[in-house]
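Asker: Could you have a look at this structure, given as structure tokens, before my questions?
The values are calculated or read from the model by the stated rules, or taken from the named source; none is laboratory data. Note that the structure is a prediction, hence the values are computed from the model and not measured. Neighbour counts are summed over all protein chains in view; Cβ atoms, including those assigned to glycine, are modelled from backbone coordinates with ideal geometry. Side chains are part of the model used for accessible areas, which takes the heavy atoms of the whole protein and leaves out ligands, DNA and RNA. Shrake-Rupley method; radii C 1.70, N 1.55, O 1.52, S 1.80 Å.
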Amino acid sequence: MRRRQGIAAGGFRRRLTITFALAVGLSAAALGTGTYFVVRHNLLSDSVDSSITQTRRNLDVARLLQDADANDLIKAYRERGDFKTVATRRGQAYLSGPQVTLRSVPPGLRAVVSRGELGYQRALVGGTHYVVTGAPAAGDTKVYFFFSEDGVWHELAQLRNILLGGVGILALLGGIAGILLARGTLRPVARASE
């Protein structure tokens, strides 16, 4: 006589739980990753747009002060907003403070401004993330503005951490749901095999 063997529910139950946790976790990770990159793109794009808009306003100030001393121009910019400035006139550099210098301006951006165009480039200067914009101003003056993006990068780091925490929590909840689902599904099979 053959002995009737019971169905080993433990192995299947474990696989079902892991599968459910992975399905929920991977779905959450895909959604979180997509969300992060869309928000990142939009925040960084908005940062550039606002920097370019402010640069255009700053160029109006340069036109008004085209006959003034370059130090007066730098002083006017210092009073206008929360950005750093480097201006060049006749080979001389004028700075709004010690945080940025002409060497802080990316060479590619200097080339764009030398061609007479407004441009921008991101740069890391002294541990601070900046959008650096530049343009020729009135006369032979060229101006470069450094707009800090540290607030944007801080917000993105917080978003990343929240999304990662959410993925972990959802994977854990998916595992718990998998355990409960596996128990409920396999209970009748275990009874039938007795």
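Asker: Restricting to the range 5-27, name every residue that is at pLDDT 80 or above, among the small types (Gly, Ala, Ser) and open to solvent by 40 Å² or more (accessible area, probe 1.4 Å). Spell out how you get there, then give the answer.
Answerer: Step one: of the range 5-27, the residues at pLDDT 80 or above are 14-27.
Still in the running and among the small types (Gly, Ala, Ser): 21, 23, 25, 27.
Within the range 5-27, ALA23, SER27 meet the criteria.
Asker: Between a residue in the range 117-131 that is free of Cβ contacts under 8 Å to residues at least 60 places away in the same chain and within 16 Å of GLY151 (Cβ to Cβ) and any residue that is acidic (Asp, Glu) and not in a strand (DSSP E or B), which pairs come within a Cβ distance under 8 Å, given they are 6 or more apart or on different chains?
Answerer: Hits for this filter: ARG122/GLU149; THR128/ASP150; HIS129/GLU149; HIS129/ASP150; TYR130/GLU149.
Asker: So which residues in the range 151-163 are aliphatic (A, V, I, L, M) and exposed (fewer than 15 other Cβ atoms within 10 Å of the Cβ), if there are any at all? Walk me through how you get there before you give the answer.
Answerer: Initial filter on the range 151-163 (aliphatic (A, V, I, L, M)): 152, 156-157, 159, 162-163.
Across the range 151-163, the qualifying residues are ALA157, ILE162.
Asker: Looking at (1) farther than 18 Å from VAL113 by Cβ; (2) modelled with pLDDT under 85, can you tell me which one ALA30 breaks?
Answerer: It is condition (2) that ALA30 fails.
Asker: While we're on this one: So, of the residues in the range 85-114 that are assigned to a strand (DSSP E or B) and free of Cβ contacts under 8 Å to residues at least 60 places away in the same chain, which turns out to be surrounded by the most Cβ atoms within 10 Å (Cβ to Cβ)?
Answerer: Going through the range 85-114, the residues assigned to a strand (DSSP E or B) turn out to be 85-89, 92-95.
Checking which are free of Cβ contacts under 8 Å to residues at least 60 places away in the same chain leaves us with 87-89, 92-95.
On the way: ALA87: 23, THR88: 21, ARG89: 17, GLN92: 9, ALA93: 15, TYR94: 20, LEU95: 16.
Per the stated criteria, the residue is ALA87.
Asker: Separate question: So, of the residues in the range 48-84 that are part of a helix (DSSP H, G or I), out of contact with any Phe, Trp or Tyr (no Cβ under 7 Å at 6 or more places or on another chain) and small (Gly, Ala, Ser), which turns out to be most open to solvent (accessible area, probe 1.4 Å)?
Answerer: Looking at residues that are part of a helix (DSSP H, G or I), out of contact with any Phe, Trp or Tyr (no Cβ under 7 Å at 6 or more places or on another chain) and small (Gly, Ala, Ser), I get SER50.
Asker: In addition: Run VAL167 past the list (1) in a strand (DSSP E or B); (2) open to solvent by less than 40 Å² (accessible area, probe 1.4 Å) and report the number of the one that doesn't hold.
Answerer: (1)
Asker: Can you tell me which of LEU156, LEU109 is in contact with a Phe, Trp or Tyr (Cβ under 8 Å, 6 or more places away or on another chain), more than 21 Å from ILE52 (Cα to Cα) and not aromatic (Phe, Trp, Tyr)?
Answerer: On the way: LEU109 fails: more than 21 Å from ILE52 (Cα to Cα).
Step by step, each of LEU156, LEU109 is checked, and only LEU156 is in contact with a Phe, Trp or Tyr (Cβ under 8 Å, 6 or more places away or on another chain), more than 21 Å from ILE52 (Cα to Cα) and not aromatic (Phe, Trp, Tyr).
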